[in-house]
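Novice: What follows is a single structure, and I will ask about it in a moment.
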Amino acid sequence: MNKNERPSFLKGKGAAVGIVICFVAVIALVGAYTFSNYQRDIDEQMAKAGEQAEELTEDMGTATEDTTEGITEETTTDDIVLPEQENSIAGDTENGVQSQPSGEENNADSQSDTSGESTGTDNSAAATTGDTSGVWFSEDSTLAWPASGAVIMSYSMDQTVFFQTLEQYKYNPAMIISGEAGEMIGASAAGIVTNIEETAQTGTTVTLDMGNGYSAVYGQLSDVPVAVGDYVGAGESLGTLSEPTKYYSVEGPNLYFEVLKDGEPVDPMNFME
């Protein structure tokens with residue numbers, strides 16, 4: 001055998017080794033390429049996830065700012081309209097008429113009802129301002145004597161006076177004028193009837209607004225022909241003198257006559273003719 005010739009099995013073994021080396025190289029290349037692509041995909045996905053997270057954060061921040069601004073605007077506005085008012089205003093606007101708020105309507109209705117009750121009350125404790133444009137009274141005006149008798153108890157708010165029936169000393173904000181039961185009691189000056197009430201002390205009592213803050217109170221009456229809101233001229237009848245109440249039984253039939261200025265009693269004698 002030629003020395004230069006190698007055994008055939010050695011040639012076959014070298015070829016196999018070469019093939020294995022090539023196969024390993026191919027696998028290594030493929031693995032490196034696959035790993036590279038995998039790493040690149042992961043990096044891209046992580047980058048996209050980061051961008052989406054940033055966008056979401058920005059969107060949440062914007063939404064929060066918008067919400068905060070909306071809440072601030074809503075809570076600080078002066079043009080908040082209640083649902084009932086909004087519906088009412090919308091309906092009236094469609095018809096070309098804008099109505100007043102429901103609160104004002106309720107107030108108007110309440111005032112109307114109160115006015116109706118006041119003007120419709122007879123011989124009760126009802127008060128009304130009345131129309132005093134036609135009456136006027138001042139410190140220089142005079143009063144006519146409303147009853148026929150003499151003064152049996154003078155006005156006294158500086159010191160107490162003795163009340164015979166009560167057997168005690170008290171301040172007296174009115175003049176007590178004697179008279180005959182059943183006699184007509186005329187108005188000392190013109191006025192508007194603002195109050196008719198029944199009290200234990202003065203019985204049926206009528207108040208006239210004489211204007212300029214002056215009022216006259218007539219107590220111990222009966223058969224009162226006037227009503228709240230009526231105009232009564234000077235000398236016109238306010239009723240008749242009744243029997244005295246139990247507070248004046250010893251004094252006998254008398255007229256309780258009081259003059260007020262802005263709600264405070266003043267001496268009627270300063271104005272008597």
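The values are calculated or read from the model by the stated rules, or taken from the named source; none is laboratory data. Values in this document were obtained by computation on a predicted structure and should not be read as measured data. Positions of Cβ are backbone-derived with ideal geometry, glycine not excepted, and every protein chain shown enters the neighbour counts. Note: areas computed on protein heavy atoms with side chains; ligands, DNA, RNA excluded. Shrake-Rupley method; radii C 1.70, N 1.55, O 1.52, S 1.80 Å.
Novice: Out of segment 209-246, which residues are within 22 Å of Lys261 (Cβ to Cβ) and outside any loop (DSSP other than H, G, I, E, B)?
Specialist: Result: Asp209, Met210, Gly211, Tyr214, Ser215, Ala216, Val217, Tyr218, Gly219, Tyr231, Val232, Leu238.
Novice: Just name the residue that is surrounded by the most Cβ atoms within 10 Å (Cβ to Cβ) out of those in segment 160-185 that are over 16 Å from Pro253 (Cβ atoms), of a type outside the set (Phe, Trp, Tyr) and in contact with a strand residue (DSSP E or B) (Cβ under 8 Å, 6 or more places away or on another chain).
Specialist: The extreme case among them is Asn172.
Novice: If you scan segment 250-265, which residues turn out to be within 21 Å of Gly211 (Cα to Cα), among the hydrophobic types (A, V, I, L, M, F, W, C) and either exposed (fewer than 13 other Cβ atoms within 10 Å of the Cβ) or free of Cβ contacts under 8 Å to residues at least 60 places away in the same chain (or both)?
Specialist: Across segment 250-265, the qualifying residue is only Leu260.
Novice: Follow-up. Mind checking which residues of segment 214-249 are of a type in the set (Phe, Trp, Tyr) and either touching a helix residue (DSSP H, G or I) at 6+ places or on another chain (Cβ under 6 Å) or open to solvent by 10 Å² or more (accessible area, probe 1.4 Å) (or both)?
Specialist: Once the filter is applied, which keeps residues that are of a type in the set (Phe, Trp, Tyr) and either touching a helix residue (DSSP H, G or I) at 6+ places or on another chain (Cβ under 6 Å) or open to solvent by 10 Å² or more (accessible area, probe 1.4 Å) (or both), segment 214-249 yields Tyr214, Tyr231, Tyr247.
Novice: Still on this model: Got a sec? Which strands (runs of 3 or more DSSP E) wholly within segment 128-208 have at least 1 residues that are of a type in the set (S, T, N, Q) and more than 46 Å from the chain's Cα centre (by Cα)?
Specialist: Answer list for segment 128-208: 168-172, 175-178.
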